[in-house]
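Written below as structure tokens is the structure these notes are about.
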Amino acid sequence: MSVFQELINVYDNNAEDAGVFKSGADFTLLPLAHVSVKVPIQVTLTSTGNFLSAMALPKEDQLTVIPATSESATRSSNPDPMPLQDKVRYCAGDFADSLANKKEQEKAREDHQWYTALLGGWAESTDVPQTVRVIYRYILQDSLLDDLLREFQGDDKTRKSVEKGDPYIRFRVDTLPDPWSDQTMFRSWTSYYLTQQQAQGNDIGIDYLTGRAEPTTKLNEKNINPATSGAKLVSANDSGGYTYRGMFTDDDFYSIGYAQSQKITHALKWLIQRQGIQRDSRVFLFWTRGDDSALVASMKILATNDPRVAMYQHAQKKQQTDTGADVAQSFRERLLGYTAEISDGRPINVMFLDAATTGRMAVVYYDLLQSDLLKDNVMRWGDQARIVRYWRGQPTDVVPTLMQVIRGAYSVGKEGTRFATLAKRAMSRLLPAIIHARPIPEDIFAAFQRHIMRPLSYLSGGIDTGTGLGNWYTDVLRFSAVANYNRKGVDSMTLDPTSTDRSYLYGRLVAVANAAEQAAIHDAKKRGGAQSDRTTTAIRFLTNVSERPATTWNRIWLAVNRSYLDRMNGAQRYYYTKQMNEIMNLLPNQEDDTALGPLFPIGFAHQSEAMHQRAQEKAKARKDETQDTQDANE
């Protein structure tokens, strides 16, 4: 089944909600032959078709669903009118008299006559709502402009826009349902317009989707994706170049029924507004038949959820400092929880859309896969792309989002348009990789590794040492999680003291040296020394260690041994020396100076977290001992 047929199914399955704005939503599934526009002025009529009042609408109330023809829905410079609610220049029969230029007067009269004929045809048809006939009766009075100018005498801004004929007007009758929320009105116009198309026999052709002879259209609507408002999904209106060469003599290379075209466009627009994941001009869509809320929640969390933001919001709610352990943990739990709720045995549509030019939208990626497969593969990311971090002595699973992976690979300093372009392209490759259980693409993985191998790059742009290196260490943890996913979860989530991989061991060595220098600096500051929060020797030489480990490690060891270990008390010096000696004894060849692999940062992360755990447990033990002593003294 084609993607077009899938979109038609989406529309048919939700057609009963067409035109209904759900609570809190600023969008709706549009009825056939309707568009949504922002209408700044509302006119209220009596039940007899006389002017009652007019008001300027606040911005939050302006979005209005109005009837349209295929020509007026796609108009730019063409004068085709809407059949009911339109601009002042179309609706006001006295607008032409306000113009000084004779040609403009003629043009305005033609537009109004066209509008009146269209509205009149509908008003005089059978089974038309009474509202339409009341509005038509008022339009025939040719007094709209005068009524509006009189009503807005004290509002210069609105009055000036009315005089130009530019603002949209929406009409209502004080005793009848509002036409922009009346489904009877929607069905009436749709039925009337489709019947008129069929009766007139205009553009009758074979609909390539259904195989039936019915009214077709080459005028496809734009404004499908708000980020690329001018782009159309189907667009081929140029007759030059190579467009029509070959077996086709005209534009018969495609033919879509008007009703099917409306369903496709409106369903796609509704899906984008309702559940699209937006990155720059690209939108990522996932949908299935029936309730797809769990699917949407799962994919949005995977792609875009940022636990740092959630952590801040959580701390604000609790009105206290929060380390974010429960937020980081709940991220993985939410991802796996929502994914587990996805119904089995359903086809899931995956569609990425973008616009290379202002007028043409492209389907960048499309796939149709079973929900069982997607569930298993997303849960695999939650299970394998993780590393254990310790907060307050408690182990917490860190699982990166795809946006965090992208930032780790490509974000340096202020994120601009170049990063936005990279991000949407990277997301277009990461999402298919996850849902099909493929490794993270090699170039993205390599870019992430190169970035964390240069920790000093995190200090650019005036970022202080503590914040910059904190961000760097977080990225190291995320990279370790991604590396574990690429290796299908064979690596331990925590420290492996038996590993003899030289990259892993050098990572552990650098972590111990970094911790030793940090401890020495901390102790010196506690004694009143003038020590600054500077970058440690181990971190400054991290890039060199990854490229020439044996040579660079000797320099780091000498610097730490001479400058810091000698200042420590016996217990500290023994602990750090013992740690480094044990790791060195595991190195198979201490003279090998070849570059290290991806296990280098993983070894650093695992060793750092093991030492964090030890320090937090010791601090907790001291606190408990102090509390026990105080309780005993009381």
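Take K160: with every protein chain present and a 1.4 Å probe, its accessible area is about 130 Å². Helix-only arithmetic for the chain: the sum of -39500 (n - 2.57) across DSSP H runs with n ≥ 4, divided by the residue total, places the mean residue ellipticity at 222 nm at -16500 deg cm²/dmol. If R0 is taken as 60 Å, the Cβ-Cβ distance between E625 and E415 corresponds to a FRET efficiency of 0.80.
How large a share of the accessible area of the chain, in percent, is made up of carbon and sulfur atoms when the probe is 1.4 Å and the other protein chains stay in place? Answer for the chain is 48 percent, counting heavy atoms of protein chains only.
Only lysine pairs 8 or more places apart or on separate chains count here, and in segment 31-199 those with Cα atoms under 27 Å apart total 25. Using the Cα centre of segment 494-633 as origin and beta-carbon charges of +1 (Lys, Arg) and -1 (Asp, Glu), tell me which of Q579, V510, A538 is placed farthest towards the positive end of the dipole. Sorting the options by dipole projection puts first A538.
Segment 504-563 to segment 167-192: how many Å between their Cα centroids? Measuring centre to centre over Cα atoms gives 73 Å.
Once the mean of 1/r is taken over each pair of separate Cα atoms and inverted, segment 429-533 shows a Kirkwood hydrodynamic radius of 16.3 Å.
Given a 1.4 angstrom probe, what's the average accessible area per residue across segment 494-633, in square angstrom?
Numbers: 7280 Å² over 140 residues.
Counting only protein heavy atoms, the per-residue value for segment 494-633 is 52 Å².
Separation of segment 255-278 and segment 17-59 by C-alpha centroid, Å? Their Cα centres are 21 Å away from one another.
If Rh is defined by the Kirkwood formula over all Cα pairs and Rg also comes from Cα, what ratio Rg/Rh do you get for segment 9-140?
Radius of gyration relative to Kirkwood radius: 0.99.
You can think of it this way: the chain between Y208 and A15 has 67.3 nm of extra reach, that is 0.36 nm per residue less the Cα-Cα gap. Over segment 31-199, accessible surface divided per residue gives 46 Å², non-protein components excluded, 1.4 Å probe.
Quick one, what does Rg over Rh come out to for the chain if you take C-alpha atoms and the Kirkwood Rh?
Values: Rg = 33.4 Å, Rh = 29.7 Å.
Reported Rg/Rh (Cα atoms, Kirkwood Rh): 1.12.
Across segment 31-199, the relative contact order, built from alpha-carbon pairs under 8 Å that are at least six residues apart, equals 32 percent. Using θ = phi - 60° in the Karplus curve 6.51 cos²θ - 1.76 cosθ + 1.60, the 3J(HN,Hα) couplings for segment 174-182 round to 4, 9, 10, x, 5, x, 7, 10, 9 Hz; x is entered for Gly and Pro.
Grab the Cα-Cα distance for W391 and Q572, subtract it from 0.36 nm times how many residues apart they are, and report the gain in nm with one decimal. Mind showing how you got there, number by number?
Numbers: separation 181, 0.36 × 181 = 65.16 nm, distance 2.27 nm.
Once the chain is fully extended between W391 and Q572, it gains 62.9 nm.
Computed from the C-beta positions of L140 and Q278 and an R0 of 51 Å, the FRET efficiency is 0.65 to the nearest 0.05. Here each label is just a point 7 Å from Cα along the line to Cβ, and for K103 and T44 those points are 4.3 nm apart. Annotation note: trypsin sites (Lys or Arg not before Pro) in segment 328-402 located in DSSP loop regions with a Cβ neighbour count of at most 13 within 10 Å are R392.
Summarised in one figure, the compactness ratio Rg/Rh of segment 494-633, Cα atoms and Kirkwood Rh, is 1.04.
Computed from phi, the 3J(HN,Hα) profile of segment 262-273 under the Karplus parametrisation 6.51, -1.76, 1.60 (θ = phi - 60°) reads 5, 4, 4, 5, 5, 5, 5, 4, 5, 4, 4, 5 Hz, with x in place of Gly and Pro.
Proximity of backbone amide H atoms, modeled 1.01 Å from N, is registered between W391 and T396 at under 5 Å, excluding neighbours fewer than 5 places apart on the same chain.
The values are calculated or read from the model by the stated rules, or taken from the named source; none is laboratory data. Since we're looking at a predicted model, the values are computed, not measured. Counting neighbours? That spans all protein chains shown, and the Cβs are built from the backbone with ideal geometry, glycine included. Quick note on the areas: whole protein, heavy atoms, side chains included, nothing else; ligands and nucleic acids left out. Shrake-Rupley method; radii C 1.70, N 1.55, O 1.52, S 1.80 Å.
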